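Working notes, beginning with the structure itself.
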Amino acid sequence: MGAAHSASAEVRELVGKTGFSSDQIEQLHRRFKQLSGDQPTIRNLRKGPSGLADEIDFEDFLTVMAYFRPIDTAMDDDQVQLCRREKLRFLFHMYDSDSDGRITLEEYRNVVEELLSGNPHIEKESARTIADGAMMEAASVCVGQMEPDQVYEGITFEDFLKIWQGIDIETKMHVRFLNMETIALCH
């Protein structure tokens, strides 16, 4: 009985921390166990000196997943904007690997190369070209017309917000929780 009470207190704490319901936390815990091979941590999420953790436990996993929780229909416009800003800040930090508040061309190239590395049809040089073109587009959105000798130092968070303006990230960047009973009835 004591362990069950402790577990429910832990779940209540996680509900408060993450905004997920206890049912959603249960579903995410099952998924975490699948990903971790029923171990207490998921290891080797990303290799290299990126500053990201080599392994995360379930609470860390939930904290990251909380950025992707669905928008609550009861949220007002200010709360939706805050949620949007938090999601974008999370994305920004994924690119800003040295945490200096600016996404440089090199950092952006590294992310694009890593994302495209699983595609055997895209060579590293093509990934670099894609990253370079995207950074030039970012510069034109954020700075406007640049002088030939002007160097774009990189994307700040405010620039990042401009780039994502008008894109419905609030509803597109979220975890979908499937009703497992409904799925069972479909088979």
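The values are calculated or read from the model by the stated rules, or taken from the named source; none is laboratory data. These numbers were taken from a predicted model, which means no experiment stands behind them. Cβ sites come from the backbone with ideal geometry, for glycine too, and all protein chains shown count toward neighbours. Just the protein is used for accessible areas: all its heavy atoms, side chains included, with ligands, DNA and RNA removed. Shrake-Rupley method; radii C 1.70, N 1.55, O 1.52, S 1.80 Å.
Can you pull out the residues in the stretch 159-187 that are over 30 Å from GLY101 (Cα atoms) and either open to solvent by less than 60 Å² (accessible area, probe 1.4 Å) or at pLDDT 70 or above (or both)?
ARG176, PHE177, ILE183
Determine, yes or no, whether GLU153 is over 30 Å from MET65 (Cα atoms) and in contact with a Lys or Arg (Cβ under 8 Å, 6 or more places away or on another chain).
Numbers: over 30 Å from MET65 (Cα atoms): yes; in contact with a Lys or Arg (Cβ under 8 Å, 6 or more places away or on another chain): yes.
So GLU153 fits the description; yes.
Suppose the filter is open to solvent by less than 50 Å² (accessible area, probe 1.4 Å) and either modelled with pLDDT of 90 or more or touching a helix residue (DSSP H, G or I) at 6+ places or on another chain (Cβ under 9 Å) (or both); does SER8 pass it? Outline the logic, then answer.
Working: open to solvent by less than 50 Å² (accessible area, probe 1.4 Å): yes; either modelled with pLDDT of 90 or more or touching a helix residue (DSSP H, G or I) at 6+ places or on another chain (Cβ under 9 Å) (or both): yes.
The answer is yes for SER8.
Which residue pairs have Cβ atoms under 8 Å apart, sit 6 or more places apart or on different chains, and have a first residue in the stretch 155-173 that is at negative phi and a second that is assigned to a strand (DSSP E or B) and open to solvent by 40 Å² or more (accessible area, probe 1.4 Å)?
ILE155/ARG102; THR156/ARG102
Of all residues in the stretch 101-130, count the ones that are under 22 Å from PHE157 (Cβ atoms) and basic (Lys, Arg).
The first filter runs over the stretch 101-130 and keeps only residues under 22 Å from PHE157 (Cβ atoms), leaving 101-112, 114-115.
Right, trim to basic (Lys, Arg) and you get 102, 109.
Looking only at that region, the number is 2.
I'm told GLU147 meets every condition in (1) open to solvent by less than 60 Å² (accessible area, probe 1.4 Å); (2) outside any helix (DSSP H, G or I) except one. Can you identify the failing condition by its number?
Just one mismatch for GLU147, condition (1).
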